[in-house]
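**Q** Below: one structure in structure tokens.
Read the figures in this text as sums done on the coordinates, not as results from a lab. Bear in mind that the values here come from a model prediction, so they are computed numbers and not experimental data. With ideal geometry, Cβ positions are generated from the backbone for all residues, glycine too; neighbour counts draw on all protein chains shown.
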Amino acid sequence: MKNSLVEGPGYLNQVKAVQSWERTEVLPVLTGNHPKFEIEKINFYYGALQVLRDINLTIPTGYITSIIGPSGTGKSTFLRLLNRMSDLTPGARVEGSIRLEGKDIFTEINPVDLRYRVGMVFQMPNPFPKSIYDNVAYGPRMHGLRDKKELETLVEGSLREAFLWDEVKDNLHLSALSLSGGQQQRLCIARSLAVAPEVLLLDEPCSALDPIATFKIEQLLAELAGRYTLVIVTHNMQQAARISHYTGVFMLVKDQAGELVEFGPTNEVFTNPKSPTTEAFLTGRIG
Amino acid sequence: MMLREHFSAELVQLQVNLTTLGELVKTATRLAVEALLRRDNILAGQVIENDTVINQLRFRWEEQALQLLATQNPVARDLRVIAAGIHIVDDLERMGDHAKGIARISQLMGDNPLVCPGLPLDTMAQKVCELLNLALASFSNRDANLAGVVGRRDDEVDEMYNRIAAELFEIMFSDRGKVGEANHLLWAAHHLERIADRTTNICERVIFVCTGQMEEIPGMSSRLNSHK
């Protein structure tokens, strides 16, 4: 039959369109799915106090992974471990292993290289009291870049990547402190990007910002995904839901040590969490 | 910088997917009637088989809509599009079932040629598909006026159904040998009439998306009553 449902050209086009549904997944299509961080059996203590227990987690390359959970469950502690920010905290002790691209960050990568590869953005925008230009140029200069032309290109590129260039291009030599909070935060992101990291850790990057500035940062993070691996700690569950591809939930289960009670694609965590604890937290029944 | 670009893109995709689902239902309706009138039960079988695709896609659509609701906090019109869409895909799925019903009838009638030829079932099917097409267009174009007009045109389908039914009753009364087939064709016409009813439902949802108003589009009988 010429005009059959299966053979008709119109129908075939429709079926093709239908097949394209599968590509509307929130997860961007990336080549392979190899881990950026492999975290195994991490236990972390401040003196006698255990604050993280048996954290096992694989953070995939190129995606946004968010870490959510009530206050005091060790989310920020966990994030800071990923570039060894806790090394200098008195009494801090870590057990277990964290591998970046297969190499142990405590034994096989020196901390300077680690922080070069794994940048960090904090809750309060913290630009240096220098010009906008010098803030972005700071990292590359520290790494020995002196060529003026190259520096200029790098600064412009980083500011463009952080969606800030158009707003500051005529005032690059003004103090960074003259910028608004949202602009300062994007400047801090530009500053991190200037040293070409593989990973950006973000600890509550929007909690000091108004909703529009927050949306701008969220949009920026969405653009950076794919090229960078992003790990974001946020108190704002809806923010985690909106922007991340994977979500991990930290909770206190038996005592004061945070545990990872759930990890999975954000869509699944927010529509059908596996753990009853996660469900109770997301629906506001505990926390 | 456009804020929430990714969410906007996903919402657009969701609407495109809804239209695609509607197109599949339209094709199924057209081909089911074609199979019935041409006595082509291979084609009827394909319509039946493909209904499972429509059913699966409806669930897939709902799943994607729920994910957007759970993760993206849609408000205002974005929220209405998703809420309306969940109802619309339900209507579309049922319309697909009606198309399958027509294909089943074709199979029940076996391989015999039609003994009551010449009934305007194909014209009725064309009309039903045209209205569905316009309803889907009103959804994609956010056209409340078009939705209102299309919703009221359900009367045209009702009139056709009444005429076909009258003709079939005539046949049943005059020739007992044709009662079986006439009964089958009456059911097929009824399926088409139900598809048109659900098109009106879609139009009501489109008006809700555009205006925020939940209102029923009155059918002819209630319009006549209101003149009394």
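**Q** Starting from the 7 Å offset along Cα-to-Cβ, what nm value, one decimal, do you get for the label separation of A:ALA208 and A:GLU268?
**A** Placing both labels 7 Å along Cα→Cβ, they lie 3.7 nm apart.
**Q** If R₀ is 56 angstrom, what is the calculated FRET efficiency for the pair A:THR58 and B:PHE169, using the beta carbon separation as r and rounding to 0.05?
**A** Values: r = 70 Å, r/R0 = 1.24.
After rounding to 0.05, the efficiency reads 0.20.
**Q** Say R0 is 35 Å: what FRET efficiency, to the nearest 0.05, do A:THR283 and B:GLN56 get from their beta-carbon distance?
**A** Values: r = 29 Å, r/R0 = 0.83.
Computed FRET efficiency for A:THR283 and B:GLN56: 0.75.
**Q** Can you work out the FRET efficiency for the pair A:PHE122 and B:VAL75, with r the C-beta to C-beta distance and R0 = 30 Å, to the nearest 0.05? Write out the running numbers ahead of the final one.
**A** Details: r = 30 Å, r/R0 = 1.00.
It comes out at approximately 0.50.
**Q** Related question: Give me the percent of DSSP beta bridges within the stretch A:39-282 that run antiparallel, rounded to the nearest 5.
**A** On the way: 21 of 40 bridges.
Of those bridges, close to 50 percent are antiparallel.
**Q** To the nearest 500 deg cm²/dmol, what mean residue ellipticity at 222 nm is calculated for chain B from DSSP H runs of n ≥ 4 alone, each contributing -39,500 (n - 2.57), summed and divided by the residues? Mind showing how you got there, number by number?
**A** Values: 8 runs with 190 residues, N = 228.
Value at 222 nm, helices only: -29500 deg cm²/dmol.
**Q** Find the Rg to Rh ratio for the stretch B:5-227, where Rh is the Kirkwood radius over alpha-carbon pairs and Rg uses the same atoms.
**A** Numbers: Rg = 18.9 Å, Rh = 18.3 Å.
Answer for the stretch B:5-227: 1.03.
**Q** Stretched out fully, how many nm does the piece from B:ARG39 to B:THR211 gain, at 0.36 nm a residue minus the Cα gap?
**A** That pair, B:ARG39 and B:THR211, stretches by 57.4 nm at full extension.
**Q** Which of the trypsin sites (Lys or Arg not before Pro) found in the stretch A:192-264 are loop residues per DSSP with 16 or fewer other Cβ atoms within 10 Å of their Cβ? Walk me through the numbers on the way to the answer.
**A** On the way: sites: A:LYS216, A:ARG227, A:ARG242, A:LYS254; in loops: A:ARG227, A:LYS254.
Listed in order of number, the matching sites are A:ARG227, A:LYS254.
**Q** Modelled label-to-label distance, A:ARG146 and B:LEU114, 7 Å Cα→beta-carbon offset: nm?
**A** So the two model labels end up 9.1 nm from each other.
**Q** Short version: ³J(HN,Hα) in whole Hz for each residue of the stretch B:100-105, in order, from phi by Karplus 6.51 cos²θ - 1.76 cosθ + 1.60 (θ = phi - 60°), x for Gly and Pro, what are they?
**A** 3J(HN,Hα) across the stretch B:100-105, in whole Hz: 4, x, 5, 5, 4, 4.
**Q** Determine, for B:CYS129, B:CYS203, the number of other Cβ atoms within 10 Å of each Cβ, and report the residues in order from fewest to most. Provide the component values of the computation, followed by the final result.
**A** Numbers: B:CYS129 20, B:CYS203 27.
The most exposed by this proxy come first: B:CYS129, B:CYS203.
**Q** Please list, in chain and number order, the residues 5+ apart from A:ALA92 or on another chain whose amide H is under 5 Å from its amide H, with Hs placed from the backbone.
**A** Under 5 Å from the amide H of A:ALA92: A:GLY47.
**Q** Over the Cα atoms of the protein assembly as shown, what Rg and Dmax result, in angstrom?
**A** In Å, with Rg to one decimal and Dmax whole: 30.6, 101.
**Q** Rg (Å, one decimal) plus Dmax (Å, integer) for the alpha carbons of the stretch A:39-282?
**A** Answer for the stretch A:39-282, Rg first and Dmax second: 18.2, 57 Å.
**Q** Please sort A:191-203, B:72-84 by packing, taking for each peptide the average over its residues of neighbouring beta carbons within 10 angstrom, highest first.
**A** Sorting A:191-203, B:72-84 by mean packing, highest first, produces A:191-203, B:72-84.
**Q** Multiplying the sequence separation of A:HIS34 and A:GLU108 by 0.36 nm and subtracting their Cα-Cα distance, what value in nm do you get? Provide the component values of the computation, followed by the final result.
**A** Working: separation 74, 0.36 × 74 = 26.64 nm, distance 1.94 nm.
Between A:HIS34 and A:GLU108, full extension yields 24.7 nm more.
**Q** Given the pairs A:LYS103/A:LYS254; A:LYS36/A:LYS169; A:LYS75/A:LYS103, which span a C-alpha to C-alpha distance of over 25 angstrom in this model?
**A** Numbers: A:LYS103/A:LYS254 32 Å; A:LYS36/A:LYS169 34 Å; A:LYS75/A:LYS103 23 Å.
Correct reply: A:LYS103/A:LYS254; A:LYS36/A:LYS169.
**Q** Please state the equivalent ellipsoid semi-axes for the stretch B:77-181: what are the square roots of 5 times the Cα gyration tensor eigenvalues, largest first, in whole Å? List each step's numbers first, then the result.
**A** Details: eigenvalues 240, 53, 20 Å².
With the √(5λ) rule applied to the stretch B:77-181, the semi-axes are 35, 16, 10 Å.
**Q** Post the alpha-carbon centroid distance, the stretch A:215-287 to the stretch B:75-135, in whole angstrom.
**A** Each part's Cα centre sits 42 Å from the other's.
**Q** Sticking with this structure for a sec: Show the residues, 5+ positions off or on another chain, whose built amide H is closer than 5 Å to the amide H of A:GLU198.
**A** A:VAL118, A:GLY119
**Q** Lys and Arg at +1, Asp and Glu at -1: add these up for the other residues within a Cβ distance under 14 Å of A:THR234 and post the number.
**A** Numbers: positive: A:LYS75, A:ARG242; negative: A:ASP203, A:GLU204, A:GLU218.
Around A:THR234, the surrounding residues sum to -1.
**Q** Please compute, for peptide B:64-72, the average count of beta-carbon atoms on other protein chains lying within 10 Å of each residue's beta-carbon. Can you show the working numbers first?
**A** Numbers: counts 5, 0, 4, 10, 3, 2, 10, 14, 6.
Mean partner shielding for this stretch: 6.
**Q** Out of all DSSP beta bridges in the protein assembly as shown, what portion is antiparallel? Express it as a percent rounded to 5.
**A** On the way: 26 of 45 bridges.
Among the beta bridges of the protein assembly as shown, antiparallel pairing accounts for roughly 60 percent.
**Q** Per residue of B:168-176, how many C-beta atoms from partner chains lie within 10 Å of its own C-beta, taken as a mean?
**A** For peptide B:168-176, the averaged partner shielding equals 0.
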